[in-house]
Amino acid sequence: MNGADDFLRQIPSTRYQGSKRRILPWIYENIKDLPFETVLDGFGGTASASFLFKLMGKKVTFNDVLLSNYQTGIALIENNAVTLNEADVEFLLNENGFEYPSFIQDTFKEIYYTDLENEWLDIASHNIHKLSQTYEGRTLKIKRALAYHILFQACLTKRPFNLFHRKNLYLRLAKVKRSFGNKVTWEREFQKLFMKFNNEISSKIFSNKLRNKATCKDILEVKTKGFDLVYFDPPYARPKDTSPKDYYSLYHFLEGIVDYKNWSKRIDWTMKNRRLIREKTKWEQGELIDNFDSLFRRFQDSIIVVSYGEPGNPSVERIRECLHLYKSDVEISRKRYKYRLNQGNNQNLNEVLLIGK
Ligand SMILES: C[S@@+](CC[C@H](N)C(=O)[O-])C[C@H]1O[C@@H](n2cnc3c(N)ncnc32)[C@H](O)[C@@H]1O
């Protein structure tokens, strides 16, 4: 392992909104000399930063409040060696004589995927559940997490904007000229995408010989002890927003797949896009700056690193002042950044890294 760009090549691809994958070399340059062996990635998302820390030989705790991201944390961070073999993939992609449920077909008709795709998603989701016929214990936990993570990458790839925020299958199917997205990719079969992502992920799984783990908690409830460094990449709020981006509403469909048997009870049936009933995390309640304050107070014994977007609410300056209450030395680095998925809205966006020591 030589440097920042070598790290980037090893980190799995993702289409997750807000992923820091592309700027990890810059993050690495800023943190590589800090004295830490244990690290918490508190808003882990698709585990890009956790994966970097794992490659750096640190003992990593990945955390994210979404169940779907928790599966990614198990698959990529906790997991040191397990992959899906040919028999697993064969089992997951095909019908195996079970009595298959039809919840996705019945509930999401014409919303995100075609009828045939919905039918396949019902089958694949059930097959993931049924991996218990072949595996148990820790192996089952990791095989399932891998299968979910890979399925989610396929699901995102086939969605306009890679999200589930609107009922907009028509955008994908309409025979019109469009200035965004890639119809060829959207129309690739789920089975092919699953095999592609499985090949990619299988080549990336590795052990750094430490016990890394994944948790699924509200950040304000994560235990604070035992981390030399904490890294926070919280949902972003633009200057005029009063609350941060709501990841539940962007990725509810993936949450539903992980919690398939409770999905119908959790859906907000008044919404056309059949999203889940809103569950506000602690991070989305109260004043944003107060949440930063609670976070910094709780983790004041660790080096605190925050990824942030500028302009944002609260401003970088207010976050710096808040961090300074608990840390005598606060450094700030900035980098111009264009989010691939959101072009046009962010001409003047800076990626910011605040480091409190
Ligand atoms: C900007 S994204 C993180 C992206 C991540 N660094 C990556 O590279 O993929 C913010 C994440 O915070 C998670 N999140 C939101 N509220 C949270 C909370 N209260 N506790 C923990 N995680 C939360 C969201 O699910 C989302 O994945």
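The values are calculated or read from the model by the stated rules, or taken from the named source; none is laboratory data. Please read these numbers as outputs of a predicted model, since none were measured by experiment. Counting neighbours? That spans all protein chains shown, and the Cβs are built from the backbone with ideal geometry, glycine included.
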Return only the number of the condition from (1) more than 22 Å from residue 23 (Cβ to Cβ); (2) surrounded by fewer than 14 Cβ atoms within 10 Å (Cβ to Cβ) that residue 239 does not satisfy. (1)
Cβ-Cβ under 7 Å, sequence separation 6+ or interchain: first residue in the range 82-105 and farther than 18 Å from residue 117 by Cβ and of a type in the set (Asp, Glu), partner crowded, with 18+ Cβ neighbours inside 10 Å and modelled with pLDDT of 95 or more. Which pairs? 88/143
Considering the range 26-59 alone, what residues qualify as being surrounded by fewer than 17 Cβ atoms within 10 Å (Cβ to Cβ) and either within 12 Å of the ligand (Cβ to nearest atom) or within 19 Å of the chain's Cα centre (by Cα) (or both)? none
I'd like to check which strands (runs of 3 or more DSSP E) are fully inside the range 249-357 and have at least 1 residues that are under 30 Å from residue 145 (Cα atoms), touching a strand residue (DSSP E or B) at 6+ places or on another chain (Cβ under 8 Å) and at pLDDT 95 or above. 303-310
Kindly list the number of the only condition in (1) in contact (Cβ under 8 Å) with a residue 12 or more places away in the chain; (2) farther than 15 Å from residue 84 by Cα; (3) surrounded by fewer than 21 Cβ atoms within 10 Å (Cβ to Cβ) that fails for residue 182. (1)
The conditions are (1) touching a residue at least 40 places away in the same chain (Cβ under 8 Å); (2) away from the ligand (no atom under 16 Å from the Cβ); (3) surrounded by 14 or more Cβ atoms within 10 Å (Cβ to Cβ); (4) closer than 26 Å to residue 8 by Cβ, and residue 211 fails exactly one of them. Which is it? (3)
Can you tell me which residues in the range 33-78 are basic (Lys, Arg) and outside any strand (DSSP E or B)? 54, 58
List pairs: first in the range 133-153 and over 17 Å from residue 254 (Cα atoms) and among the hydrophobic types (A, V, I, L, M, F, W, C), second at pLDDT 95 or above and in a helix (DSSP H, G or I), Cβ under 8 Å, 6+ apart or cross-chain? 140/131; 140/132; 142/74; 142/75; 142/78
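Quick test for you: out of 169, 151, 140, pick the one residue that is farther than 18 Å from residue 197 by Cβ, touching a helix residue (DSSP H, G or I) at 6+ places or on another chain (Cβ under 7 Å) and among the aliphatic types (A, V, I, L, M). Steps first, please.
Working: 169 fails: touching a helix residue (DSSP H, G or I) at 6+ places or on another chain (Cβ under 7 Å); 151 fails: farther than 18 Å from residue 197 by Cβ.
Testing whether each residue is farther than 18 Å from residue 197 by Cβ, touching a helix residue (DSSP H, G or I) at 6+ places or on another chain (Cβ under 7 Å) and among the aliphatic types (A, V, I, L, M) leaves just 140.
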